[in-house]
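Engineer: What follows is a single structure, and I will ask about it in a moment.
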Amino acid sequence: MADMYGKGLLKGLGVTIKHFMDTYLEDIRWLSRGKHRYYTAEGIDSRKSFDTSGIFTVQYPEERLPVPEEFRFIPFLIYEVNEDGETQDRCTSCGICAKVCPPQCIWIERTSDPDTGRPVPEPEEFYIDIDICMNCGLCAEFCPFDAIKMDHDYEISVYNRLEKNIFNKERLSRPVSYYASIRPTNYAREEAARAEAEAAKAAKKAAREKRSKSGK
Amino acid sequence: MSEEVLVEEKTELEERFPEISRDDRKGYEGFIVPTEKLVEFASVLRDEFGYDFLSSVTGVDYLPEDRMEVVYHAYQTTGGPGLFYKVQVDRDDPVVPSLTPVFPGANLQEREAWDLMGIRFEDHPNLKRVLLWEGFEGHPLRKDWREPFYEGDGKPFKSRWPGGEVIRAEDSNPFNKNVDYPGGFDPEQWTPANETAVYAGVGRLDHAVSETALSNDQIIVNLGPQHPSTHGVFRMVVRLEGETVVALEPVMGYLHRNHEKIGERNTYLMNIPFTDRLDYFNSMSNNFGYVLAVEKLMGVKPPERAEYIRVMMAELTRIVNHLTAIGFLLNDLGAFFTPLLYAFKERELILDIFEAVSGSRMMCNYYRFAGVARDLPEGVFEQVKNLVLHRLSGQVDDLDTFLTDNEIVRARTMGIGVLTAEEAIAHSAVGPVLRASGVPYDVRRADPYGIYDRFEFDVAVRYHGDIYDRYLIRLDEIRQSIRILEQVIQDIPDGPIQEGKPQYQVRVPAGEAYGRVEGPKGELGFYVVSNGKPNPWRYHVRAPSFINLSALDVMCKNYKIADVVSILGSIDIVLGETDR
Ligand code: SF4
Ligand code: SF4
């Protein structure tokens, strides 16, 4: 009897039925609690969790999976906005991102002072060919000024890639507040590090001044 | 102790072969064997010294020294470190005796070296191009070969910085978007000349080409390149006697992009995201193998926590891979998509973890030299823990109940595609294919890397060497991976995840290194030669998906054409890695 032909098949079909039922049971459970399993943030969260059961498909585009903070897509450039509404690029056009980029899709034009002709630490233009960008995130990882970061926006299809897919500085730039909103933990960590570095610098300067004063 | 034995062994070997010399270049190891002694050396090494497993055959072009070198990495299937030997030949006329009579597994690798390096292997049974097409001009991995739109020998390219200017590849193409055929060319009338060579590989009988009447029952069937169950653009030329396979030859390269040449232009760091694209199911373990090789050259090691994170990610990847491998195998058997989607369900939850850690679900780019890119973000450890301790085992059991006793699955897989242990070793088969044939060889145990020597796990092994065992062994391995993960979760320490400051331009001393990991598809090796410059001089991938195909012919012979697809599915190849 143990080797009845078709027993394994039936056992397998049992698994299929279980999968099928689980989904409906889960739906009924949610309904009985007066909650919605679909089209709600809570529902998506539960479908992502380890104790979800049944089918947990997310109905894109009506529903979207929230992306984690580290999610990376296309890079963007950060600019600071001061109280007067003036903007200042964080990028100093040091070129490290262009050097580290594996498919070499970053082109930077440096600014030079119109009077002296000397380079100014700010990019005149900044291009990324996002058709070539492999979303690796190395540029963001190695930029010493936290000026380039990876965006979360992944819905960037266009009809004309030849015209639209070379992003220039204008298209790439985002205010620092945007960065803080999509990557809060990273932002807080970097700000803390910056504050610490500045405090250390100030302390050093104060100490030096004190020393030179007392030396006089 | 073991070192002593090794030294002794070497002297014994040197006594036996006074012609060989030690490779005493700085940063190099192994022996240099004269070409005329090579075959004898390899067979003595195999029969008397136990180095029965030829892991990889790599050509290297030493342009400045005007020399070509072929490097052989041999191992013992009983475990232990490897023995490397090389032959050096003149660059203008590189001819090396073929090792295929001793190790049939060298077949595809020697063809690759011929194709990309132009090294001719004497007495090779079927020496023709493998990744490129017959008629391709030149051998692209030679250092003096340049592609159209050549920009430079090493990145970063000058055109990008300073003074950047955007030029699109299609704009530098003189034909631009012009896709007209040249005058007088009619694609309908065109028969590629190289096809003759392909059919010769399966022994097409000449008279069958022209005669109208069939003079025998054998016919040639092309499976692919656009075949729904070849797992990508892959082609098998099969000679059939009725329904039975008489000979089979894999034809590949449709996805070839010369990963290795790109790798030699890249800086060491840039290669990490490129390795993601080899076997795109397992970017984590690809990263692992590559950083191991470079770390060997640099002489650095990651801190404890990073070691544990690495193992964690590598084992999760193995689970992902084996689940999908089983799912696709069932697809090949005609159980369309239900098992695959059940497998994908669990995969999704694991990919969520990869995404949270590395930023991407599949192209993880997560390992760094002497560390990993970032520590586990908040909540991820809990996620892993819940998944491993409370979900995965149950799901694997489910899959087991679902499929293992299914009579149709058993009828279609048991005793089909049998590869014996001897054949598996001789053909350099690795991973689940080798272990399902009764050879308990797993790099994690045989030659541990990272911190694998600390974990308790069993090397899964099955003995029938058929499709069914190759299916079962994947279930076994998932269970062992869960076991390892449980230990990782228990033992993972706090601490830094990167040794020293992360650098974008690492200094890699001159020398050679072979880093290998037990990837989910088998032994994945990276052979890296540095000459001290920012770009590797030679970067070679020993791809399990590619080399396992050497044994495809043996596995399929004398089975039915309907089984070929499932046999291929049971090897579990990924064309991104096969074609590189
Ligand atoms: S984005 Fe960063 S790395 Fe790139 S040029 Fe600007 S400052 Fe330098
Ligand atoms: S994400 Fe990677 S490929 Fe894209 S611009 Fe940055 S470095 Fe280049």
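Bear in mind these aren't lab numbers, they're just calculated from the coordinates by the rules spelled out. It should be emphasised that the depicted structure is a prediction, and the values quoted were computed from it without experimental measurement. Reconstructed Cβ throughout: ideal geometry from the backbone, glycine too, with neighbour counts over all protein chains shown.
Engineer: Using a simple spin-label model with points 7 Å from Cα along the Cα→Cβ vector, what separation in nm is obtained for residue B:165 and residue A:131?
Structural biologist: Those two pseudo-labels are separated by 1.9 nm.
Engineer: What residues qualify as long-range amide H neighbours of residue B:56, i.e. H under 5 Å apart, gap of 5 or more or another chain, H built at 1.01 Å from N?
Structural biologist: B:73
Engineer: For residue B:189 and residue B:300 in the same chain, what is the full-extension length gain: residue separation times 0.36 nm, less their Cα-Cα distance, in nm? Please report the intermediate quantities before stating the final value.
Structural biologist: Details: separation 111, 0.36 × 111 = 39.96 nm, distance 5.89 nm.
Extra length from residue B:189 to residue B:300 when fully extended: 34.1 nm.
Engineer: Students often check this: by mean Cβ neighbours within 10 Å, which of B:334-342, A:185-193, B:417-425 ranks highest, and how do the rest follow?
Structural biologist: B:417-425, B:334-342, A:185-193
Engineer: What average number of partner chain Cβ atoms lie no more than 10 Å from the Cβ of the residues making up A:13-22? Mind showing how you got there, number by number?
Structural biologist: Working: counts 2, 2, 10, 4, 0, 3, 6, 0, 0, 0.
Across the residues of A:13-22, the mean count of other-chain Cβ atoms within 10 Å is 3.
Engineer: Per residue of B:379-387, count partner chain C-beta atoms within 10 Å of its C-beta, then hand back the mean as an integer. Spell out each step's value before the answer.
Structural biologist: On the way: counts 1, 2, 0, 1, 3, 1, 1, 3, 3.
Other-chain Cβ atoms within 10 Å of each residue's Cβ, averaged: 2.
Engineer: Please give the direction-averaged projected area of the C-alpha convex hull for region B:259-579, in square nanometres with one decimal.
Structural biologist: Averaging across all directions leaves 15.1 nm² for the Cα convex hull.
Engineer: Principal axis extents for chain A, Cα atoms only, whole Å, descending order, please.
Structural biologist: 101, 52, 40
Engineer: Around residue A:173, which amide H atoms from residues at least 5 apart in sequence, or from another chain, sit under 5 Å from its own amide H, with H modelled in the peptide plane?
Structural biologist: A:77
Engineer: What nm value, rounded to one decimal, do you get for the distance between residue A:82 and residue A:200 when each label is placed 7 Å out toward the C-beta?
Structural biologist: Each label point is offset 7 Å from its Cα along the Cβ direction, giving 2.6 nm.
Engineer: Output wanted: per-residue J couplings in Hz (rounded whole) for region A:93-104, from phi through Karplus 6.51 cos²θ - 1.76 cosθ + 1.60, θ = phi - 60°, x for Gly and Pro.
Structural biologist: Along region A:93-104, the couplings run 6, 7, x, 5, 4, 5, 7, 8, 5, x, x, 6 Hz.
Engineer: Quick one: Karplus J couplings for region B:62-69, per residue in order, coefficients 6.51, -1.76, 1.60, θ = phi - 60°, nearest Hz, x for Gly and Pro?
Structural biologist: 9, 4, x, 8, 6, 8, 10, 10
Engineer: Separate question: Hey, what do the phi angles of region A:161-175 turn into as Karplus ³J(HN,Hα) couplings, whole Hz, using 6.51/-1.76/1.60 and θ = phi - 60°, x for Gly and Pro?
Structural biologist: Ordered by residue, 3J(HN,Hα) equals 5, 5, 8, 9, 9, 9, 7, 9, 4, 4, 5, 7, 7, 9, x Hz.
Engineer: Moving on. How many Cβ atoms of partner chains, on average, are near each residue of B:265-276 if near means within 10 Å of its Cβ?
Structural biologist: 3
Engineer: State, to one decimal in nm², a quarter of the convex hull surface area for the C-alpha atoms of region B:264-422, i.e. the direction-averaged projected area. Write down the numbers at each step before the final one.
Structural biologist: Values: hull surface 47.9 nm².
With the hull built on Cα positions only, its mean projection is 12.0 nm².
Engineer: Would you mind computing, in nm to one decimal, how far apart the modelled labels at residue B:151 and residue B:378 are, each placed 7 Å from Cα along Cα→Cβ?
Structural biologist: Label-label distance for residue B:151 and residue B:378, simple model: 4.0 nm.
Engineer: Using the Cα gyration tensor of region A:73-200, with a ≥ b ≥ c the square roots of its eigenvalues, what is the shape: rounded (a/c below 1.5), prolate (a/b larger than b/c) or oblate (neither)? Can you show the working numbers first?
Structural biologist: Numbers: a/c = 1.59, a/b = 1.17, b/c = 1.36.
It comes out oblate by the Cα gyration axes.
Engineer: For the protein assembly as shown, give me the percentage of DSSP beta bridges that are antiparallel, rounded to the nearest 5 percent. Intermediate values should be presented prior to the final figure.
Structural biologist: On the way: 65 of 73 bridges.
Once the DSSP bridges in the protein assembly as shown are tallied, antiparallel ones form about 90 percent.
Engineer: Starting from 0.36 nm per residue, how many nanometres of slack lie between residue B:456 and residue B:531 once their C-alpha separation is accounted for? If you can, show how the numbers build up before the last one.
Structural biologist: On the way: separation 75, 0.36 × 75 = 27.00 nm, distance 3.89 nm.
Additional length available on full extension: 23.1 nm.
Engineer: Restricting to region B:3-122, what percent of DSSP beta bridges are antiparallel, rounded to 5?
Structural biologist: On the way: 19 of 24 bridges.
Antiparallel: roughly 80 percent of the beta bridges in region B:3-122.
Engineer: Continuing with the same structure: State the extension gain, in nm to one decimal, for the chain segment bounded by residue A:112 and residue A:178, taking 0.36 nm per residue of separation less the distance between their alpha-carbons.
Structural biologist: Working: separation 66, 0.36 × 66 = 23.76 nm, distance 2.87 nm.
Between residue A:112 and residue A:178, full extension yields an extra 20.9 nm.
Engineer: Ranked highest first by the average count of other Cβ atoms within 10 Å around their residues, in what order do B:150-157, B:55-62, B:301-308 fall? If you can, show how the numbers build up before the last one.
Structural biologist: On the way: B:150-157: 14.9, B:55-62: 24.4, B:301-308: 19.6.
For the peptides B:150-157, B:55-62, B:301-308, the packing ranking is B:55-62, B:301-308, B:150-157.
Engineer: Please give the Cα centre distance for region B:527-551 versus region B:231-250, rounded to the nearest Å.
Structural biologist: Answer, in whole Å: 29.
Engineer: Going 7 Å from the Cα of residue B:196 in the Cα-to-Cβ direction, what parts of region B:135-168 have a backbone nitrogen less than 16 Å from that spot?
Structural biologist: B:135-136
Engineer: Might you list the cysteines of the protein assembly as shown that have no disulfide-compatible partner by the rule of another cysteine's Cβ under 4.7 Å?
Structural biologist: A:91, A:94, A:101, A:105, A:133, A:136, A:143, B:364, B:556, each lacking another Cys Cβ under 4.7 Å.
Engineer: Please pull out the direction-averaged projected area of the protein assembly as shown, using the convex hull of its alpha-carbon atoms, in nm² to one decimal place. Could you put the intermediate results ahead of the total?
Structural biologist: Numbers: hull surface 183.9 nm².
Averaging across all directions leaves 46.0 nm² for the Cα convex hull.
Engineer: Could you pull out every residue, at least 5 positions away or on a different chain, whose amide H is within less than 5 Å of the one on residue A:109? Hs are placed 1.01 Å off N in the peptide plane, and Pro or chain starts have none.
Structural biologist: Hits under the 5 Å cutoff: A:124, A:125, A:126, A:127, B:164.
Engineer: As a test of the formula, what do you get for chain B when each DSSP H run with n ≥ 4 contributes -39,500 (n - 2.57) and the sum is divided by the residue count, at 222 nm and rounded to the nearest 500 deg cm²/dmol? Could you put the intermediate results ahead of the total?
Structural biologist: Working: 22 runs with 225 residues, N = 580.
That calculation yields -11500 deg cm²/dmol at 222 nm.
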